[in-house]
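Take a look at the structure below.
The values are calculated or read from the model by the stated rules, or taken from the named source; none is laboratory data. No experiment lies behind these values; they were computed from the predicted model shown. Note that we place each Cβ from the backbone using ideal geometry, even for glycine, and neighbour counts take in every protein chain shown. SASA here: full protein model, heavy atoms, side chains in, ligands and nucleic acids out. Shrake-Rupley method; radii C 1.70, N 1.55, O 1.52, S 1.80 Å.
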Amino acid sequence: MRELTIGKNDAGQRVDRFVSKALPLLPPALLQKYIRLKRIKVNGGRAQRDQRLREGDVLQLYINDEFFDKPREDNLFLTLFRPSLDIVYEDENLMLLNKRPGLVVHADETEKVNTLINHIQAYLYQKREWNPKWENAFAPALCNRLDRGTEGLVLAAKSYAALRDLNAIIRDDMMKKEYLTITVGAPPQGRFVAWLQHSEKNNKVRIHARESEGYKQIITEVTVIRQAGPFALCRIGLITGRTHQIRAHLAYLGHPVLGDIKYGNHKMNERTGLKTQALCAQRLTFGRIPEGNTLQYLSGRVIKLNDPEIV
């Protein structure tokens, strides 16, 4: 039997979700079975899978040793000794960072080490704000993602409470995201509605004019700021946030993002020599955040990049 004491960053989580993160080697079906068999207890009593944990609770885990995975001293947070971050805003709860074009946010088949989340965790580790040995399940995490070729603002939570409440802000549309982009030609202005389907096979999306089975609604706002020759600098407001929404929707409107190799104008991309899309997540505006949310102090706050590379 082993015991885990619930810390500040563990509180508020369901028993089953906490244990699945604390013991990643434990199969989900076996986890549910152990809860039913009372091999997972809270403060000596029977645990319910949807029971919310509180700081100071003690879990008793009657589980075989092979399911426990301990942090190592030779892990990434020590070996990545020079984290490189462009921090736009930081407080005790969260960070807003400018992700440069070409950097992936999470590990994928092309890159395992040099990722934004690894740089963030190394940075916080070296500041002694976070250590995997202090935590049972929590690790600093990103709350939004950008494509490899897109620059701009990314949100990272430094605690479980901030992660939970940032996700609530995003889910309940209490934050507006605006992008800058350069398009081939000047697109029509206004609010546009379409339907999008994402194919996991080729990581590409298709746009449809009308609602169809398997398609999700997208809403995109377009404002042309200025034109220069065959190009236009545009501000894009995301009402919905789907995979490749801006790139695919502008291409569907007949004015793709310059440099976009998936949905763009290949002739114009070759002419300009751009190797990645001219797209930047430039501004975040927080709406009215209710009391009880740990990030309520961000209500009405606007955070933006003053000098995006694409401008």
Among the residues in segment 57-77, are any at pLDDT 90 or above, farther than 20 Å from P132 by Cα, touching a strand residue (DSSP E or B) at 6+ places or on another chain (Cβ under 8 Å) and acidic (D, E)? no
Looking at N131, N167 in this structure, which one is open to solvent by less than 70 Å² (accessible area, probe 1.4 Å) and either part of a strand (DSSP E or B) or closer than 23 Å to Q282 by Cα (or both)? N167
For segment 31-56, pairs from a residue that is closer than 18 Å to N136 by Cα to a residue that is modelled with pLDDT of 90 or more and loosely packed, with under 12 Cβ neighbours inside 10 Å, with Cβ under 8 Å and 6 or more apart or across chains, are G56/T5
Determine whether segment 207-216 contains at least one residue that is hydrophobic (A, V, I, L, M, F, W, C), in contact with a Leu (Cβ under 8 Å, 6 or more places away or on another chain) and either open to solvent by 70 Å² or more (accessible area, probe 1.4 Å) or outside any strand (DSSP E or B) (or both). no
Looking at (1) more than 22 Å from the chain's Cα centre (by Cα); (2) within 20 Å of E309 (Cβ to Cβ); (3) among the acidic types (D, E), which is the one condition that is false for E211? (2)
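To keep it simple, each residue is scored yes or no on (1) part of a loop (DSSP other than H, G, I, E, B); (2) among the acidic types (D, E).
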residue: K267; (1), (2): no, no
residue: E270; (1), (2): no, yes
residue: L274; (1), (2): yes, no
residue: Q277; (1), (2): yes, no
residue: C280; (1), (2): no, no
residue: R288; (1), (2): yes, no
residue: E291; (1), (2): yes, yes
residue: I310; (1), (2): yes, no
When you look at D50, is it more than 19 Å from T5 (Cβ to Cβ), open to solvent by 10 Å² or more (accessible area, probe 1.4 Å) and touching a Lys or Arg at 6+ places or on another chain (Cβ under 7 Å), yes or no? yes
If I filter segment 17-36 down to residues being in a helix (DSSP H, G or I) and open to solvent by 50 Å² or more (accessible area, probe 1.4 Å), which single residue comes out as farthest from Q48 (Cα to Cα)? K21
Subset of segment 176-202 [hydrophobic (A, V, I, L, M, F, W, C) and either in contact with an Asp or Glu (Cβ under 7 Å, 6 or more places away or on another chain) or more than 29 Å from N306 (Cα to Cα) (or both)]: V193, A194, W195, L196
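Within segment 130-178, can you find the residues that are of a type in the set (K, R) and farther than 17 Å from V105 by Cα?
Going residue by residue through segment 130-178, those that are of a type in the set (K, R) are 133, 145, 148, 158, 164, 171, 176-177.
Result: K133, R164, R171, K176, K177.
Only one of A137, A156, A141 is modelled with pLDDT of 95 or more and open to solvent by less than 30 Å² (accessible area, probe 1.4 Å). Can you tell me which?
Being modelled with pLDDT of 95 or more and open to solvent by less than 30 Å² (accessible area, probe 1.4 Å) holds for just one of A137, A156, A141, which is A156.
Select, from A156, A107, A137, the only residue that is among the small types (G, A, S) and free of Cβ contacts under 8 Å to residues at least 60 places away in the same chain.
Just a single option satisfies the conditions, and that option is A107.
Yes/no matrix, rows are residues, columns are (1) assigned to a strand (DSSP E or B); (2) among the charged types (D, E, K, R); (3) open to solvent by less than 30 Å² (accessible area, probe 1.4 Å); (4) touching a residue at least 12 places away in the same chain (Cβ under 8 Å):
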{"residue": "G152", "(1), (2), (3), (4)": "yes, no, yes, yes"}
{"residue": "A162", "(1), (2), (3), (4)": "no, no, yes, yes"}
{"residue": "T183", "(1), (2), (3), (4)": "yes, no, yes, yes"}
{"residue": "A186", "(1), (2), (3), (4)": "no, no, no, yes"}
{"residue": "L196", "(1), (2), (3), (4)": "yes, no, yes, yes"}
{"residue": "N202", "(1), (2), (3), (4)": "no, no, no, no"}
{"residue": "T223", "(1), (2), (3), (4)": "yes, no, no, yes"}
{"residue": "H249", "(1), (2), (3), (4)": "no, no, yes, yes"}
{"residue": "G254", "(1), (2), (3), (4)": "no, no, no, yes"}
